[in-house]
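This report refers to the structure that appears directly beneath it.
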Amino acid sequence: MSQLTTKIIEDLSQLILGKNEQLKLALCCLLSKGHLLIEDLPGMGKTTLSHGLANVLGLSYQRVQFTSDLLPADITGSSIFNSQTHTFDFHPGPIFSQILLADEINRASPKTQSALLEAMEEGQVTIDGQTHGLAQPFFVIATQNPLHQSGTHPLPESQLDRFFMRISLGYPDSEVEKSLILQGNKRTFETRQLECNMTDEQLFALQDEVMKVKLSDPVVQYILDLVRYTRDSGEFSDPLSPRASIALGLSARAYALISGRDYTLPDDVQAIFGCVAGHRLNIPCSEQLDVVNSIFKQVPVPV
Amino acid sequence: MNVRDLIAKNTLITSFVYCGVSLLLFQSLGYVFCVSILLICIFKLSVSTGAVKKPSNIIINLLAITVIVVVFLSLGFQKTIEMFVAMLLGACSLKMLKVATKQQAQSVYLLNFFTYPCFYLFSQNILSFLFVAALLLLNLSQLFSVTHHLPIKQSINNSVRKFIFSLPLAILMVVLVPKLPPFWQLPNAKNAATGLSEDVDPFQISDLSRSSELAFRALLPESSGFQPPFYWRAIIHDSFDGKRWGMSNLQARPLVKTYEPVGSSTYSVISNPSNTRWLYTLGAGLPASNGTKVNYFGILYQKNLSNKPMQYEVSPIKLDDARASQWELNLNTRLPSDINPKAIALAKQLNQTASSTEAFIINMKAFFLAQSFQYSLSPPSINSKHAIDEFLFETQEGFCGHYASSAAFLMRSVGIPTRLVSGYLGGEFNDESNYYAVYQYDAHAWVEYYVPQLGWQRLDPTAWVSPQRILGSLSDMVDLEQEFNENLGFSLHAFSDIAAVNWLRLKLEQIDFQWTRWVLNFDDKKQSSLLEMLFGQKNKLLPALSVVVLLIIVFGLWFIYLTMRSKFREPKEVRIYNHLMMLSDEKSDKLTPKQIFERLKVQWPSAADELTEFYRLFESARYNAQPLSSHQYRRLSQLNKQIIKKAKIK
């Protein structure tokens, strides 16, 4: 199984250069059946990453550009009168795909945002009294501009919590950027060339594999200590919820699996802690690294 | 609750505690100081409610200077102890305004374990013990709460549990660990303002303000044969200078003749600290326990003043004083010339019809009964040179000192050797514990006169005027009740009429008696007698030492058990890992084992291979749930040794 994950990461790293850690985290999120939030400035490769993930995992892919006038029905779909059969036919929206890229989710009105997030939580949508199940697997990859940009509606805390992870790609190294300049627009071209080398079954098997990764006592204790610290230290106004604790355990397992192990280490917890806890603790992306490191400096690692 | 709120809450409580302690000690510390502590407390309250903003360092320093000035002005340099306690309380109260971090709060709470027991410098009875114990318990909880970020309620729960758990051990230590004498002692803080004085001049006193404080308690077995009224002798005043009755050097002269005790039974007295070293003796006695001496008059005294209650045993004797020396008789008839001419005339007149000393006394009694003498606790003060004249013929109002001193003067003026005795009369019997409680207001003065071939005889002139005074304690006298209560001020004694209050007072008395007898008086002597009783050995040091050794062994074993228990719970690989970590410089527990090993490899490059293998084994055992085989375990220990060896070489 580890060969499979290594291959996925290899494929993706050809697409997005020099960002192996972020790729691992993104994959880790999808293997934990969680929705992913990518927060970055425009032009950093958010869309490329999500499109690449869909391709590599062999999932159907739809992209919605969120704007301020986007309506819920534009995502979920609607019933339209068919004049020949004299019936209302349901025309499914872009949400009926396996990976939905919600581009610039914070540009849409709160109403539209919550329609999407409800669907994420329930795994189904109800239109005109009819319930339609969503595809399996179903992932939402949302991208978000940093909040200080004008014309944005920040996601409320309760909805941020629905996202399993928040990652940020950040600027590439100058070495990487140089090769990007030299390659020109070749990357988008290559996206189409990636082999669709995974089936749904393989993905489900990988997801099952995650649950089999061993989570030993000291690691669980470390997660508990970290969560307790956010609650007791008084530094955070929104400490971590039990849902966050579950997410930490799950993603540590997925990260261990991606790293080719069937057991977790405290290092796995440290690797995923920032992107699982950052948005839940309301830490801005730019400060996430410092805050997380200061937490690690406060909480002893149980042996 | 976050740490800052917790500290703020705790310090506010502590401010109130300081304030309460100061108010309870206001008699010793002065009300100006107490008011300033109260103001600091109010300031703290308004800071914590947010009404006032947090004071800056400059303001706190100014306040500190003010408090120092207040302490110096109100207490002066003489009262060292009071000043020291006031400074401590003031400093702690001000610190409460400033405490913001956990460390600061912890240091104050540690200091409080010293601050609160300072209360014992002023009072040692059972109520103050309970009070200080409660404060210490609260302090422990607050320390707990600040250290572990726990709500106060929960930490009180915790510390009470710990307290109860450690109580038996503490009692065992107090009983069995040998008591060493103190390395240094504070000067006597409780120099009782009340009690007997070595010079008596009753005419100067206009208002005998007497306190209901306990003077001493006595355990009088029935077999000792003493019957009321109990005259407790303390000081013999045999030199009279016309104004004062003072002591001669006989008071401090030890009894040289050897006496056999009358009867076999002894009685014991537990006396509260007083400002003189003369103890209280019924008639004459010999010390039956160490620590006391007996003087020429058969009165016991202590070698040094002590600020703790002390217990002593007395075996009664009959003084063989039938033949007094001429010098002593001269001393006891000496009168200054040209004072009290009227009294001398009266004495001469009374003596004309008297054939013997007894007859003179009868005449004198008749004189006192014929006149309208009044017993009063607040007689007018007499400042004249002829004070006794004025008392006998004009004011005719006074208390025991007046009557005793007048009678002694009259007797001396006709040549009867007479001396004044001060001590205590009576006592309140406590049925349940079978002791007599004698209070400061039971202080009394009477006279002793000498009859050749018979020796010194007791005479109480006050009894002629006020017979009830002799029958019981002063508090029992109905006539004087009003006056007595006015003089007492506010205390439970003032409400003795109400049955419930009296019952409560007697109960408290009794508990305090047992407390003083068994706890406060548990000194090295009592300890050694207890040890002797327990171990039945003459060499007392041996059992005490063996107890200490035993305790150390028990503690050692317990400690070993505790560490071993946690060690046995730890998996083997963790034990070896911790051992390695102890030797490495990487003390940080904030790094994951993997990170630590990466650093160690940089530190000890020569041991890199061993470190890698060690970590691999550790990781698979600890995180991959694959318990070490015995072979792997041996390999791990071996690697540990190799790493340590290589690290040392480097």
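Odds and ends about this structure:
- Candidate set: region A:238-266, residues that are more than 13 Å from chain B (Cβ to nearest Cβ) and of a type in the set (S, T, N, Q); chosen: the one surrounded by the fewest Cβ atoms within 10 Å (Cβ to Cβ): A:241
- Identity of the residue in region B:12-45, polar (S, T, N, Q) and modelled with pLDDT of 90 or more, that ends up nearest to residue B:136 (Cα to Cα): B:14
- Set B:385, B:365, B:342: member being without any contact (Cβ under 8 Å) to a residue 60 or more places away in the chain, out of contact with any strand residue (DSSP E or B) (no Cβ under 8 Å at 6 or more places or on another chain) and of a type in the set (Lys, Arg): B:342
- Check on residue A:281, part of a helix (DSSP H, G or I), away from chain B (no Cβ under 12 Å) and within 22 Å of the chain's Cα centre (by Cα): no
- The test for being out of contact with any strand residue (DSSP E or B) (no Cβ under 6 Å at 6 or more places or on another chain) and part of a loop (DSSP other than H, G, I, E, B) does not hold for residue B:390.
- When the criteria are applied in full, residue B:228 fails the requirement of being in contact with a Ser or Thr (Cβ under 8 Å, 6 or more places away or on another chain) and at pLDDT below 85.
- Verdict on residue B:611 being part of a loop (DSSP other than H, G, I, E, B), over 21 Å from residue A:270 (Cα atoms) and touching a residue at least 12 places away in the same chain (Cβ under 8 Å): no
- Qualifying positions in region B:243-256 - part of a loop (DSSP other than H, G, I, E, B) and closer than 17 Å to residue B:330 by Cβ: B:247, B:248, B:253
- Within region A:267-276, the only residue that satisfies the criterion of being within 11 Å of chain B (Cβ to nearest Cβ) and of a type in the set (Val, Ile, Thr) is A:269.
- Matching residues in region B:1-30 - criterion: being closer than 20 Å to residue B:84 by Cα and in contact (Cβ under 8 Å) with a residue 40 or more places away in the chain: B:14, B:15, B:17, B:18, B:19, B:21, B:22, B:24, B:25, B:28, B:29, B:30
- Qualifying strands (runs of 3 or more DSSP E) (wholly inside region A:1-90; at least 1 residues being more than 23 Å from residue A:204 (Cα to Cα) and among the small types (Gly, Ala, Ser)): A:77-82
- Residues (over 14 Å from residue A:36 (Cβ atoms) and in contact with a helix residue (DSSP H, G or I) (Cβ under 9 Å, 6 or more places away or on another chain)) located in region A:245-254: A:245, A:248, A:249, A:252, A:253
For (1) out of contact with any helix residue (DSSP H, G or I) (no Cβ under 8 Å at 6 or more places or on another chain); (2) in contact (Cβ under 8 Å) with a residue 60 or more places away in the chain, each residue gets a yes or a no:
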site	(1), (2)
B:231	yes, yes
B:235	no, yes
B:259	yes, yes
B:268	yes, no
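- Listed by first and then second residue, the pairs with beta-carbon distance under 7 Å, at least 6 apart or on different chains, first residue in region B:559-579 and within 14 Å of another protein chain (Cβ to nearest Cβ), second among the polar types (S, T, N, Q), are B:576/B:637; B:576/B:640; B:579/B:640.
- If you filter region B:231-256 down to residues that are more than 29 Å from residue B:340 (Cβ to Cβ) and either among the β-branched types (Val, Ile, Thr) or in contact with a Leu (Cβ under 9 Å, 6 or more places away or on another chain) (or both), you find that the one that is modelled with the highest pLDDT is B:232.
- For beta carbons closer than 6 Å, sequence separation of 6+ or different chains, a first residue in region B:616-631 that is more than 15 Å from residue B:595 (Cβ to Cβ) and within 12 Å of chain A (Cβ to nearest Cβ) and a second that is among the acidic types (Asp, Glu) and surrounded by 13 or more Cβ atoms within 10 Å (Cβ to Cβ), the qualifying pairs are B:621/B:573.
- Number of positions in region B:405-439 that are without any contact (Cβ under 8 Å) to a residue 60 or more places away in the chain and hydrophobic (A, V, I, L, M, F, W, C): 2
- Selection count where residues are away from chain B (no Cβ under 14 Å) and either touching a Ser or Thr at 6+ places or on another chain (Cβ under 7 Å) or polar (S, T, N, Q) (or both), scope region A:284-303: 3
- Test: residue B:370 is in contact with a strand residue (DSSP E or B) (Cβ under 6 Å, 6 or more places away or on another chain) and more than 30 Å from residue B:511 (Cα to Cα): no
- Residue count for region B:16-49 satisfying the condition of being buried (at least 16 other Cβ atoms within 10 Å of the Cβ) and either more than 25 Å from the chain's Cα centre (by Cα) or over 23 Å from residue B:71 (Cα atoms) (or both): 8.
- Of residues in region A:196-236 being without any contact (Cβ under 8 Å) to a residue 60 or more places away in the chain and outside any helix (DSSP H, G or I), the one farthest from the chain's Cα centre (by Cα): A:234
- Residue that is surrounded by the most Cβ atoms within 10 Å (Cβ to Cβ), among those in region B:94-103 that are in a helix (DSSP H, G or I) and touching a residue at least 24 places away in the same chain (Cβ under 8 Å): B:96
- Here the condition is being in contact with a Leu (Cβ under 6 Å, 6 or more places away or on another chain), touching a residue at least 24 places away in the same chain (Cβ under 8 Å) and away from chain A (no Cβ under 14 Å); of B:91, B:64, it holds for B:64 alone.
The values are calculated or read from the model by the stated rules, or taken from the named source; none is laboratory data. Values in this document were obtained by computation on a predicted structure and should not be read as measured data. Cβ coordinates were reconstructed from backbone atoms using ideal geometry, including for glycine residues, and neighbour counts include every protein chain displayed.
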